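Computed from the coordinates by the stated procedures, all read-outs in this text should not be read as laboratory data. Note that the coordinates shown come from a computational prediction; the quantities given were computed from them, not determined experimentally. With ideal geometry, Cβ positions are generated from the backbone for all residues, glycine too; neighbour counts draw on all protein chains shown.
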Amino acid sequence: MRKVASRKRANSDPQFGGGDAVIERDQLVARLAQSEKLAAVGELACGVAHDVNNILQAVIMGAEIIRQRPDDTQLVEKTSKLLSLAAARGTSIVRRVLSLSRPSDRCPQSVDTSVLLVELSDLLVMSLGEGAKLTVKIGADLPRVCLDRAEFETVLINLAINGRDAMEHGGALIISAHRQTMDDADVGLSPGDYLRVDVVDSGSGMDPETLSRAMEPFFTTKPPGKGTGLGLSMARDFAERFGGALTISSAPSFGTTVTLRLPAAPCS
Ligand SMILES: Nc1ncnc2c1ncn2[C@@H]1O[C@H](COP(=O)(O)OP(=O)(O)OP(=O)(O)O)[C@@H](O)[C@H]1O
Ligand SMILES: [Mg+2]
């Protein structure tokens, strides 16, 4: 908001009206553009730090499991596989950032969503730690969806962590996925088949004001160091970029349901 206001002032202030003042104004506008670019880089750095932080939480948890039960060879083998997966995800995030200047390098691909969700379940359990009891329900006949796999995983981890954080004293977190057909009456989305994923928690819920602001970038009610306020805005951006939507229903004491819809589509 502050950036827009500054630019408006520079354009309308009579002191920038003509002659040498025009050059001065152009220089000022160029400086503002530069500072906006820097702000965008700052926002990007926050987003990346957030994703990497989620991955590191999983790595810390995995390392702890191996440290506590070194003789349980099956568990050690399973956990080390998950650690490799987490590292691969980190690599993919770095690749994503490097390709930001060339957005066409993002790699949307046709994904078998039921396989993806099964693979993701273990990582989610590790990311959540103790406290939240996770159940993943995967419907039959899930559609294939065209998406960037690493981004989808990051979005679901973020939504699950929000659910966990809302359940201070523990509780049930349910992630369910199924196929949904939307018709003309369903506002905002083209008619057709969608993958619908609901992330449901039994936590504190949100009051109307929090709910109305929850998807704003940098809006957070968490203490410093606990949240950047980017999780939901990134999730919404992801859904909309792939032709879907993110919606939230929530009420204090009744918990929260975040619904992600992505169109069933082969990649073109
Ligand atoms: N499941 C939920 N239950 C209750 N409140 C929620 C839930 N999810 C989000 N919120 C509210 O919305 C705010 C914004 O969520 P968002 O995920 O964007 O950021 P964050 O969790 O605060 O930080 P970050 O995700 O960047 O670590 C949260 O601070 C919280 O107030
Ligand atoms: Mg969050």
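Here the gap between residue 109 and residue 218, fully extended at 0.36 nm per residue and compared with their Cα-Cα distance, gives a gain of 36.3 nm.
Let's test the formula: R0 of 45 Å, r as the Cβ-Cβ distance of residue 254 and residue 77. What FRET efficiency results, to the nearest 0.05?
Working: r = 41 Å, r/R0 = 0.92.
My answer for the efficiency is 0.65.
Counting 0.36 nm for each residue step from residue 240 to residue 56 and taking away their Cα separation leaves a gain of 63.5 nm.
Points 7 angstrom from Cα along the Cβ direction at residue 23 and residue 176: gap in nanometres? That separation, rounded to one decimal, is 6.9 nm.
Label-to-label distance for residue 45 and residue 207 is 3.4 nm, based on points extended 7 Å past Cα in the beta-carbon direction. Of the GluC sites (Glu not before Pro) found in the range 149-252, the ones in coil according to DSSP and having at most 16 other Cβ atoms within 10 Å of their Cβ are 168.
Please identify every one of the trypsin sites (Lys or Arg not before Pro) in the range 183-258 that sits in a loop by DSSP and has no more than 13 other beta carbons within 10 Å of its own beta carbon. Mind dumping the intermediate values first?
Details: sites: 196, 213, 226, 236, 241; in loops: 226.
Sites meeting the loop and neighbour criteria: 226.
If R0 is 30 Å, the Cβ-Cβ spacing of residue 94 and residue 189 corresponds to a FRET efficiency of close to 0.40.
When the chain is fully extended, how far beyond the present Cα-Cα distance does residue 141 get from residue 247, taking 0.36 nm per residue of separation?
35.9 nm
Given Cα positions, please report Rg to Rh for the range 139-222, the hydrodynamic radius being the Kirkwood one.
Radius of gyration over Kirkwood radius for the range 139-222 works out to 1.00.
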